[in-house]
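Chemist: Take this structure first; my questions come after.
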Amino acid sequence: MASSSFQPIQGMSDLTTPEIYLWQMVESRSRDVFQRYGFSEIRTPIMEHTKVFVRSLGETTDVVSKEMYSLEDRGGRHLSLRPEGTAGVIRHVGGQGQEAAELRLYYMGPMFRAERPQAGRKRQFHQVGVESLGAPNPASDAECIALQHHLFNEWGLKNFSIRLNTRGLPEDRQAVADGLRAWLRPRLPELCEDCRRRFDLNVLRVLDCKQEACQVIVDQAPPVTEFMSEPARVYLDEVTRLLGKLSIAVTRDPKLVRGLDYYAHTVWEITHPALGAQDAMAGGGRYRVTLGNRVIEGVGFAAGLERVMTALEGEGITAQSLAPGPNVWLVSMGDRAFEENLELLQMLRRHGIACGMDMNGRSMKAQMRVAGKSGAPRVIIRGESELENGTFQLKDMQEGTQEDVTMPELMARLTPLRVQ
Ligand code: HAM
């Protein structure tokens with residue numbers, strides 16, 4: 001069989017040991033932090049009607065226009081794999097009564113974008129995100145950024161930076177687009193082909209073009225806040241002031257746009273130096289989406305876990321250092337000891353002790369080798385004489401010492417080793 005028969009689809013990966021230990025650490029610490037901030041979990045379907053994403057993210061965004069995995073099912077329905085988590089949450093909240101207007105929800109799971117696979121860009125990637133529903137309020141935005149900052153610290157990250165900007169009020173959009181177009185129009189011939197297209201379709205996106213020629217021009221552009229109304233600027237100043245009060249360092253970046261159309265008011269992005277060209281580890285912002293006669297508002301963020309893993313390793317937090325491993329390994333001399341150990345193994349596990357033993361009837365020497373490889377700090381050795389006396393040889397693998405212990409002594413020594 002060709003080796004490709006064993007490969008996942010390009011841009012998608014199996015996640016297994018050892019790196020899965022990092023993923024599990026991130027997931028369990030996230031749940032703990034979210035609980036402290038009063039957020040509860042939501043698991044929306046991985047596939048939705050395509051319109052769920054189009055109406056929230058915006059038709060002209062790259063994610064919707066180029067990157068969605070869409071299909072028509074047997075019933076002729078237009079469906080898409082979710083490219084992000086916010087649209088599904090908005091759909092959920094839209095279908096609830098008024099009591100859902102201030103829900104605090106978090107999610108974690110796979111997202112799909114048909115991007116060109118490259119370092120830091122996957123076609124199936126994973127996000128941990130939150131959505132705090134409710135009307136605009138600078139304190140909620142600051143709290144959300146503070147939560148994210150706290151979360152990253154709990155994961156063990158220190159060297160990240162937060163860039164902050166505003167998309168202004170929905171009413172400001174036209175003025176911002178007009179102002180930016182007026183400033184860019186004389187420079188249009190110098191912009192890249194994509195930006196010339198963006199100029200008409202979604203002019204703000206010119207600001208975050210990665211082409212050098214475009215960046216040179218954009219660096220001279222006036223900050224978008226200049227085209228916005230006073231309340232939009234006051235709102236951003238208030239978010240910045242509150243973050244200062246919470247001792248959270250942020251850099252204002254007037255060029256930060258974010259690629260999704262639902263944003264209104266605050267937007268932010270978190271970068272990490274261990275990431276290469278795709279240095280955004282997370283992004284978020286305040287949004288507003290109209291669904292029929294309802295307006296759904298909230299603030300939230302999502303972190304891309306593949307990039308978080310790279311950042312963690314960049315800060316020396318490795319999967320290997322988190323590998324749980326057994327507390328104790330059992331070694332048997334002879335068939336009778338093997339069977340007695342099998343029973344002991346089960347009893348220890350029922351007492352919450354992680355343990356293992358070789359099931360293949362190997363020699364004592366080979367069993368000791370397996371015990372060493374397992375990383376267990378202690379080994380229990382039993383042969384005929386231990387069975388006769390009702391005792392156990394307990395070997396400390398670090399010290400190299402060995403002692404003869406009774407059952408109560410054995411349990412007293414092993415129980416404190418129990419993990420979390
Ligand atoms: P986003 O900036 O599109 O925002 O994605 C958030 C994060 O997901 C990115 O910073 C990045 O770490 C990760 N990410 C995105 N695309 C890929 C990819 N192809 N491969 C690997 N990682 C990727 C959102 O998704 C918004 N829903 C965030 C939000 C929530 N805003 C408000 N609430």
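Coordinate-derived values only; no laboratory data. These numbers come from a predicted model, not from an experiment. For neighbour counting, all protein chains shown are included, and Cβ atoms are generated from backbone atoms with ideal geometry for every residue, glycine included.
Chemist: Give me the aspartates and glutamates in straight-line cross-link reach of Lys210: C-alpha distance below 15 Å, same-chain residues under 8 apart excluded.
Modeler: Result set, ordered by chain and number: Asp62, Glu190, Glu193, Asp194, Asp219, Asp279.
Chemist: Let's test the formula: R0 of 25 Å, r as the Cβ-Cβ distance of Glu226 and Ala139. What FRET efficiency results, to the nearest 0.05? Mind showing how you got there, number by number?
Modeler: On the way: r = 26 Å, r/R0 = 1.03.
After rounding to 0.05, the efficiency reads 0.45.
Chemist: With unit charges on the beta carbons (Lys and Arg positive, Asp and Glu negative) and the dipole taken about the Cα centre of the chain, which residue among Ile380, Leu151, Thr266 sits farthest to the positive side?
Modeler: Result: Thr266, furthest along the dipole toward the positive end.
Chemist: Here's a follow-up. Could you rank the peptides 331-338, 67-74 by their average count of other C-beta atoms within 10 Å per residue, with the highest value first? Each step should come with its number before you reach the end.
Modeler: On the way: 331-338: 17.8, 67-74: 12.6.
Ranking the peptides 331-338, 67-74 by packing returns 331-338, 67-74.
Chemist: For the stretch 349-420 and the stretch 48-92, what is the separation of their Cα centres, given in Å?
Modeler: Each part reduced to its Cα centre gives a spacing of 55 Å.
Chemist: Measure off 7 Å from each Cα along the Cα-to-Cβ vector at Ala213 and Ser28, then give the distance between these two points in nanometres to one decimal.
Modeler: With each label point 7 Å from Cα toward Cβ, the separation is 5.3 nm.
Chemist: What value, in deg cm²/dmol to 500, does the helix sum -39500 (n - 2.57) over DSSP H runs of n ≥ 4 give at 222 nm once divided by the residues of the chain? Don't skip to the end; give the middle numbers.
Modeler: Values: 14 runs with 152 residues, N = 420.
Calculated mean residue ellipticity at 222 nm is -11000 deg cm²/dmol.
Chemist: With each pseudo-label sitting 7 Å past Cα toward Cβ, what's the Ser40-Ser70 distance in nm, one decimal?
Modeler: In this crude label model, Ser40 to Ser70 measures out at 3.5 nm.
Chemist: Follow-up question, since we're still on this one. Checking the cross-link filter: which lysines have an alpha carbon closer than 25 Å to that of Lys245, excluding same-chain neighbours under 8 positions apart?
Modeler: Filter leaves Lys158, Lys255.
Chemist: For a test of the definition: using alpha carbon positions, the gyration tensor, and the 1.5 limit on a/c, classify the stretch 229-269 as rounded, prolate or oblate. All intermediate terms of the calculation are to be shown ahead of the outcome.
Modeler: Values: a/c = 2.17, a/b = 1.37, b/c = 1.58.
Judged from the Cα gyration tensor, the stretch 229-269 comes out oblate (a/c at least 1.5, b/c at or above a/b).
Chemist: Please report, to one decimal in angstroms, the Kirkwood hydrodynamic radius of the chain built from all distinct Cα-Cα pairs. Don't skip to the end; give the middle numbers.
Modeler: On the way: mean 1/r = 0.0400 Å⁻¹.
Kirkwood hydrodynamic radius for the chain: 25.0 Å.
Chemist: Residues with beta-carbon under 14 Å from that of Asp178, excluding Asp178: net charge, scoring Lys, Arg +1 and Asp, Glu -1? Walk me through the numbers before you get to the answer.
Modeler: Numbers: positive: Arg173, Arg181, Arg185; negative: Glu171, Asp172, Asp200, Glu226.
In short, -1.
Chemist: Name the most mobile residue of Ala274, Ala175, Ala371, meaning the one with the largest mean-square fluctuation, in a Gaussian network model of the chain with Cα contacts below 10 Å.
Modeler: Largest GNM mean-square fluctuation: Ala371.
Chemist: For the stretch 288-351, what class follows from the C-alpha gyration tensor (a ≥ b ≥ c being the square roots of its eigenvalues): rounded when a/c is under 1.5, otherwise prolate if a/b is larger than b/c, else oblate?
Modeler: oblate
Chemist: Compute, for the chain, the length of the dipole vector about the Cα centre, with Cβ point charges of +1 (Lys, Arg) and -1 (Asp, Glu) only. Units Debye, rounded to 20. Numbers along the way, then the final one.
Modeler: Numbers: 51 positive and 54 negative charges, 178 e Å.
Taking the Cα centre of the chain as origin, the dipole is about 860 debye.
Chemist: Can I ask one more? Give the residues of the stretch 326-341 whose amide nitrogen is closer than 14 Å to a point set 7 Å from the Cα of Gln398 in the direction of its Cβ.
Modeler: Once the point is set 7 Å along Cα→Cβ of Gln398, 327-328 turn out to lie under 14 Å by backbone N, inside the stretch 326-341.
Chemist: Taking a point 7 angstrom from the Cα of Met407 along the C-beta vector, which residues in the stretch 337-365 have backbone N less than 20 Å away?
Modeler: 337-356, by backbone N distance to the label point.
Chemist: For the stretch 325-419, report the convex hull volume of the alpha-carbon atoms normalised per residue, in Å³, without decimals. Each step should come with its number before you reach the end.
Modeler: Numbers: hull volume 8.4 nm³, N = 95.
It is 88 Å³ per residue.
Chemist: Which FRET efficiency, nearest 0.05, do Gln10 and Ala280 yield, Cβ-Cβ r, R0 25 Å? Intermediate results must be reported in sequence, preceding the final value.
Modeler: Values: r = 22 Å, r/R0 = 0.88.
It comes out at approximately 0.70.
Chemist: Just want to confirm a number: the relative contact order over the chain, from Cα pairs under 8 angstrom separated by 6+ residues, in percent. Present the calculation step by step, with values, prior to reporting the outcome.
Modeler: Details: 699 pairs, mean separation 65.3, N = 420.
Here the relative contact order equals 16 percent.
Chemist: Taking springs between alpha-carbon atoms closer than 10 angstrom, which of Leu184, Leu57, Leu345 fluctuates most in the Gaussian network model of the chain?
Modeler: Answer for the Gaussian network model of the chain: Leu345.
Chemist: I want to make sure I understand the PRE zone here: with the label point 7 angstrom from the Cα of Leu201 toward its beta carbon, which residues in the stretch 111-138 have backbone N atoms less than 16 Å away?
Modeler: Those under the cut-off are 114-116.
Chemist: With a Förster radius of 41 Å, plug the Cβ-Cβ distance of Arg294 and Thr251 into 1/(1 + (r/R0)^6) and report the FRET value to the nearest 0.05.
Modeler: On the way: r = 35 Å, r/R0 = 0.86.
E between Arg294 and Thr251, to the nearest 0.05, is 0.70.
Chemist: For Cys192 and Glu154 in one chain, what is 0.36 nm times their gap in residues minus the Cα-Cα distance, to one decimal in nm?
Modeler: Here the answer is 9.5 nm.
Chemist: I've got another one for you. With +1 on each Lys and Arg Cβ and -1 on each Asp and Glu Cβ, and nothing else charged, work out how big the dipole of the stretch 272-389 is about its Cα centre, in Debye to the nearest 20. Could you put the intermediate results ahead of the total?
Modeler: Details: 13 positive and 13 negative charges, 82 e Å.
The calculation lands at about 400 debye.
Chemist: Send over the semi-axes of the stretch 204-310's equivalent ellipsoid, whole angstrom and largest first, taken as the square roots of 5 times the C-alpha gyration tensor eigenvalues.
Modeler: Values: eigenvalues 103, 76, 58 Å².
Over the Cα atoms of the stretch 204-310, the ellipsoid semi-axes are 23, 19, 17 Å.
Chemist: How much length would be gained if the chain were fully extended between Leu342 and Glu171, taking 0.36 nm per residue of separation minus their Cα-Cα distance, in nm to one decimal? Present the calculation step by step, with values, prior to reporting the outcome.
Modeler: Working: separation 171, 0.36 × 171 = 61.56 nm, distance 7.12 nm.
Length difference between fully extended and current span is 54.4 nm.
Chemist: Place a +1 charge on the Cβ of each Lys and Arg in the stretch 4-155 and a -1 charge on the Cβ of each Asp and Glu, then give the dipole magnitude about the Cα centre in debye, rounded to the nearest 20. Could you put the intermediate results ahead of the total?
Modeler: On the way: 17 positive and 19 negative charges, 82 e Å.
Charge dipole, the stretch 4-155, about its Cα centre: 400 debye, nearest 20.
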